[in-house]
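The structure appears below as structure tokens.
The values are calculated or read from the model by the stated rules, or taken from the named source; none is laboratory data. Everything numeric here is computed off the predicted structure, so don't read it as measured data. Here Cβ is always computed from backbone atoms with ideal geometry, including for glycine, and neighbour counts include all displayed protein chains. These area figures cover heavy atoms from the full protein model, side chains too; ligands, DNA and RNA do not enter into them. Shrake-Rupley method; radii C 1.70, N 1.55, O 1.52, S 1.80 Å.
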Amino acid sequence: MKHAFKYLAGFVPALLLTAGIAGAAEMTAGEKQLYEAARKEGSVTWYVSQTTTEFADGMCGLFKKRYEGVGCNVVRASGQVIFQRLVQELQAKAVQGDLMSTNDDGQMAQLKEMGALAQFAPENLKDMVPELRALADKENYWITSGVSPLVIAYNTKLVTEAEAPKNWTDLTDPKWKGQVAIGHPSFSGSVGLWTIMMNDLYGWDFFTKIEKNKPQIGRSVADGHNLVVSGERKVALAPLPLILSDAAAKRAPVAVVYPTDGALLPPSATAIMKDAPHPNAARLFENFLLGPEIAEYFSKDYRYPLRAGVPLAPGMKPLDSYKTKSIQISDGIKKLPDVQSKFRDTFGI
């Protein structure tokens, strides 16, 4: 499925707000009302698998800078771990997280079915890229909070551009034995969707062949990228932003391959818990995720900004310039348990 996402030229400046009451004067009436209520609650607790811990901490830092007096606590883990933690809290009727961000929107559909989510339409929805806004829940139980394509990373000191894989099936080539890294679908939500995509495209034989190459299997989808950076593995399944940001900053000898058979495009989703301990702070934070500060923060880190008019980072490809594929929510929920079971049987973990 090819996505026709259009990012308009232009620039939306960050809001240069001073702290406290002076900053509050720059807010809309609705935002200021949420801010005042959130200050009384004191803080927000954010369960997140959508980003790395460092990146999530940076987002929280921007939030606290804009909204003085409202704390921001990050609880970061892989997608399935965060989801299971939240389900356990729901079952114990002791919800600790105010809102959750995940790369598997099927988890949101399950939480919605459980009656665990609150409906909320953030004010900043009006400024989103329309195609990204359309990926969210139509009843406003969750928003689209990012898109982070899964592609192939390779170490440029160990692999030339000519030698690098061109598509996913190239990873089954015996020349990559002991040199491939992937994630685990029982821990990472986005890896779960990637596993479904590969099974849909090529059948389970794809994973049987990859197993013969003895891949390193991490919990988080970011683990493969880190192994390529360190040189412990030559090629890996990895999120596009991690590769591009490291390559642009010359922090690591990594480069990206956009697979000819399609990069996985898992829309990240954020939802507020119905029984959130800090409901107003959660609503303030969700609205902030769609604001100009986060859009520019995303763009500077080679992520796709959610707001219309915010330019991409230099050299970053528009989403409609390469082949992408997505997994329907219903397919993800239906197929995930089966591929998780097959994965454990095939790889023994």
Please tell me if LEU135 is buried (at least 16 other Cβ atoms within 10 Å of the Cβ), over 19 Å from PRO185 (Cβ atoms) and of a type outside the set (Ser, Thr, Tyr).
-> yes
Filter result (surrounded by fewer than 16 Cβ atoms within 10 Å (Cβ to Cβ) and not polar (S, T, N, Q)) within the range 202-226 | TYR202, GLY203, ASP205, LYS209, GLU211, LYS212, LYS214
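Look at THR156 and say whether it is out of contact with any Cys (no Cβ under 7 Å at 6 or more places or on another chain), among the β-branched types (Val, Ile, Thr) and open to solvent by 50 Å² or more (accessible area, probe 1.4 Å). Steps first, please.
Values: out of contact with any Cys (no Cβ under 7 Å at 6 or more places or on another chain): yes; among the β-branched types (Val, Ile, Thr): yes; open to solvent by 50 Å² or more (accessible area, probe 1.4 Å): yes.
Taking the combined requirement at face value, the residue satisfies it.
Pick from the range 203-219 the residues that are in a helix (DSSP H, G or I) and touching a residue at least 60 places away in the same chain (Cβ under 8 Å): which of them is nearest to PRO185 (Cα to Cα)? Write out each step before concluding.
In the first step, residues of the range 203-219 are kept if they are in a helix (DSSP H, G or I); the result is 205-212.
With touching a residue at least 60 places away in the same chain (Cβ under 8 Å) added as a condition, the list becomes 207-208, 211.
Details: PHE207: 12, THR208: 15, GLU211: 15 Å.
Only one residue fits best here, namely PHE207.
Is one or more of the residues making up the range 192-201 buried (at least 21 other Cβ atoms within 10 Å of the Cβ), among the aliphatic types (A, V, I, L, M), more than 27 Å from ALA162 (Cβ to Cβ) and modelled with pLDDT under 95? If you could, list the steps in order and put the result at the bottom.
Here is the first cut: in the range 192-201, the residues buried (at least 21 other Cβ atoms within 10 Å of the Cβ) are 192-198.
Keeping just the survivors that are among the aliphatic types (A, V, I, L, M) gives 193, 196-198.
After this cut, where a residue has to be more than 27 Å from ALA162 (Cβ to Cβ) as well, the list is 193, 196.
From what is left, the residues that are modelled with pLDDT under 95 are 193.
Scanning the range 192-201 turns up at least one residue that is buried (at least 21 other Cβ atoms within 10 Å of the Cβ), among the aliphatic types (A, V, I, L, M), more than 27 Å from ALA162 (Cβ to Cβ) and modelled with pLDDT under 95.
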Checked the range 55-96 for anything in a loop (DSSP other than H, G, I, E, B), buried (at least 22 other Cβ atoms within 10 Å of the Cβ) and small (Gly, Ala, Ser); matches are SER78
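Just to be sure before I move on: is GLN84 in the same structural domain as ASP301 (by TED's automatic domain parsing) and touching a residue at least 40 places away in the same chain (Cβ under 8 Å) in the structure I sent?
Values: in the same structural domain as ASP301 (by TED's automatic domain parsing): yes; touching a residue at least 40 places away in the same chain (Cβ under 8 Å): no.
It is false that GLN84 is in the same structural domain as ASP301 (by TED's automatic domain parsing) and touching a residue at least 40 places away in the same chain (Cβ under 8 Å).
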Tell me, yes or no, whether the range 218-226 has at least one residue that is at positive phi and out of contact with any helix residue (DSSP H, G or I) (no Cβ under 6 Å at 6 or more places or on another chain).
-> no
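Do we find that ALA222 is free of Cβ contacts under 8 Å to residues at least 40 places away in the same chain, hydrophobic (A, V, I, L, M, F, W, C), more than 25 Å from GLU131 (Cβ to Cβ) and in contact with a strand residue (DSSP E or B) (Cβ under 9 Å, 6 or more places away or on another chain) in this structure? Outline the logic, then answer.
On the way: free of Cβ contacts under 8 Å to residues at least 40 places away in the same chain: no; hydrophobic (A, V, I, L, M, F, W, C): yes; more than 25 Å from GLU131 (Cβ to Cβ): yes; in contact with a strand residue (DSSP E or B) (Cβ under 9 Å, 6 or more places away or on another chain): yes.
Considered against the rule, which asks whether it is free of Cβ contacts under 8 Å to residues at least 40 places away in the same chain, hydrophobic (A, V, I, L, M, F, W, C), more than 25 Å from GLU131 (Cβ to Cβ) and in contact with a strand residue (DSSP E or B) (Cβ under 9 Å, 6 or more places away or on another chain), ALA222 comes out as no.
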For GLY218, all conditions in the list (1) under 18 Å from ASP104 (Cβ atoms); (2) out of contact with any Pro (no Cβ under 9 Å at 6 or more places or on another chain); (3) in the same structural domain as LEU111 (by TED's automatic domain parsing); (4) not β-branched (Val, Ile, Thr) hold save one; what is the number of the exception?
-> (3)
Flagged pairs (Cβ under 6 angstrom, 6 or more apart or on separate chains; first in the range 258-271, more than 26 Å from GLY97 (Cα to Cα); second aromatic (Phe, Trp, Tyr) and open to solvent by less than 10 Å² (accessible area, probe 1.4 Å)) are PRO259/TRP168; ASP261/TRP168; LEU264/TRP194
If you go through LEU111, LEU125, LEU135, the only one that is assigned by TED's automatic domain parsing to the domain that holds GLY291 and at pLDDT below 95 is LEU135
